[in-house]
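J.: Pasting a structure here, questions to come.
The values are calculated or read from the model by the stated rules, or taken from the named source; none is laboratory data. Computed from a prediction, not measured in an experiment: that's the story for all the values here. Glycine gets a Cβ as well: all are built from the backbone with ideal geometry, and neighbour counts include every protein chain shown.
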């Protein structure tokens, strides 16, 4: 055809003329990878996946269910309210039902976890999980050794009704070895988003912003200003979402990711009102508050999956002698948005609390490899055996309880809140 020379994403649009409307009655979707995405400087870049017969596998199904979501009636109003510091009462929200992943189905969680794993690499890598019928090589835009920043994969269902954005988490050599070119920016985002005060862990640490006021005091205005910086991955993620929604205007968009990638997925899911499944993610509720993200009436479209032996999502990898601090990370938050599917691997399986259980391969190959509950179904579940723990909201959760936050300085006058300086523990 005359349009075969165009990028694959444009070919799909032309060939189908109008993308299929989402079918909320569908029980499963079949996905294949269509695009890589990455960050070149501060600009999001895409690369289409080149067809190849080298990677051929069984179809990749994801079970679905109807999900209620809230979206701001106007995205301009959302960001205007955000910059004014407004909350949910300043916006008009549209409630709707959409097709989302069946978060109470173990196989669906495992497939999404495999997608989250694949955000760290390329088809053909040793740790790549085969997911779909036509896996391919990729163009290397955004993935060359001299590129760093926001990365991931994009998967599209066969009928173009659903797009899954899988966001790469922290490339942390201190956990799994290897690191990578994105490590520095990953660490900056981790320490800005998930520390109590600019990664001020101890007197020998150089913070990532200048908001520390001595003792356990921190300037709130300074913290919020430090998160406005365009180098923060949240800003890049919003631009990426606009690009994806432009390419697939009638598709449902889901977000998934592991660790930092899962937290970023959640923040974007709040921003755009789309389903999210995050794995072993540091708690992002405090970051959402500091970013002034208006919250809808319900955040049930956000789901966190983690286990009790991983100290990072549990908010216990803290203190100067912790594994996180030794690696140069201040991951101090513990309160998540939305619902949590929490596996008590310490009590039920006897796992030891260890940061090495944080890796996504542990989730795919150990945690989600078999049903969690081997008992028969109860009356509460309609006689159906529960294959994953029940999703629940976190209650009685407090972040950074020993810190005091206030307006201790005139931020605009002092200008000491840049998030750009280098830092080290």
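J.: Being modelled with pLDDT of 90 or more and touching a helix residue (DSSP H, G or I) at 6+ places or on another chain (Cβ under 6 Å) narrows it down to one residue among 286, 295; which is it?
T.: Every option except 295 fails the conditions.
J.: Further question: Within the range 211-226, which residues are within 15 Å of residue 193 (Cβ to Cβ) and surrounded by fewer than 19 Cβ atoms within 10 Å (Cβ to Cβ)?
T.: 224
J.: Among the residues that make up the range 163-174, is at least one of them at pLDDT below 80, outside any loop (DSSP other than H, G, I, E, B) and in contact with a helix residue (DSSP H, G or I) (Cβ under 9 Å, 6 or more places away or on another chain)?
T.: yes
J.: With the checklist (1) modelled with pLDDT of 90 or more; (2) touching a helix residue (DSSP H, G or I) at 6+ places or on another chain (Cβ under 9 Å); (3) in a helix (DSSP H, G or I) in hand, flag the one item residue 191 doesn't pass.
T.: With (1) modelled with pLDDT of 90 or more; (2) touching a helix residue (DSSP H, G or I) at 6+ places or on another chain (Cβ under 9 Å); (3) in a helix (DSSP H, G or I) applied to residue 191, the lone miss is (2).
J.: If you check 420, 409, 384, which single one turns out to be in a loop (DSSP other than H, G, I, E, B), surrounded by fewer than 13 Cβ atoms within 10 Å (Cβ to Cβ) and either over 29 Å from the mean Cα position of the chain (by Cα) or modelled with pLDDT of 95 or more (or both)? If you could, list the steps in order and put the result at the bottom.
T.: Numbers: 420 fails: either over 29 Å from the mean Cα position of the chain (by Cα) or modelled with pLDDT of 95 or more (or both); 409 fails: surrounded by fewer than 13 Cβ atoms within 10 Å (Cβ to Cβ).
Exactly one of 420, 409, 384 is in a loop (DSSP other than H, G, I, E, B), surrounded by fewer than 13 Cβ atoms within 10 Å (Cβ to Cβ) and either over 29 Å from the mean Cα position of the chain (by Cα) or modelled with pLDDT of 95 or more (or both), namely 384.
J.: Also: From the set of residues in the range 98-136 that are within 25 Å of residue 239 (Cα to Cα) and surrounded by fewer than 20 Cβ atoms within 10 Å (Cβ to Cβ), which is modelled with the highest pLDDT?
T.: Here the answer is 121.
J.: For the condition surrounded by 19 or more Cβ atoms within 10 Å (Cβ to Cβ), more than 22 Å from residue 171 (Cβ to Cβ) and in contact (Cβ under 8 Å) with a residue 12 or more places away in the chain, what is the one hit in 295, 367, 331, 337? Break it down stepwise before answering.
T.: Working: 295 fails: surrounded by 19 or more Cβ atoms within 10 Å (Cβ to Cβ); 367 fails: more than 22 Å from residue 171 (Cβ to Cβ); 331 fails: more than 22 Å from residue 171 (Cβ to Cβ).
Unique residue meeting the criteria: 337.
J.: Being surrounded by fewer than 21 Cβ atoms within 10 Å (Cβ to Cβ), in contact with a helix residue (DSSP H, G or I) (Cβ under 7 Å, 6 or more places away or on another chain), within 30 Å of residue 109 (Cα to Cα) and modelled with pLDDT of 85 or more narrows it down to one residue among 241, 246; which is it?
T.: Every option except 241 fails the conditions.
J.: Of (1) surrounded by fewer than 16 Cβ atoms within 10 Å (Cβ to Cβ); (2) out of contact with any helix residue (DSSP H, G or I) (no Cβ under 8 Å at 6 or more places or on another chain), residue 352 satisfies all except one. Which?
T.: Status for residue 352: all satisfied but (2).
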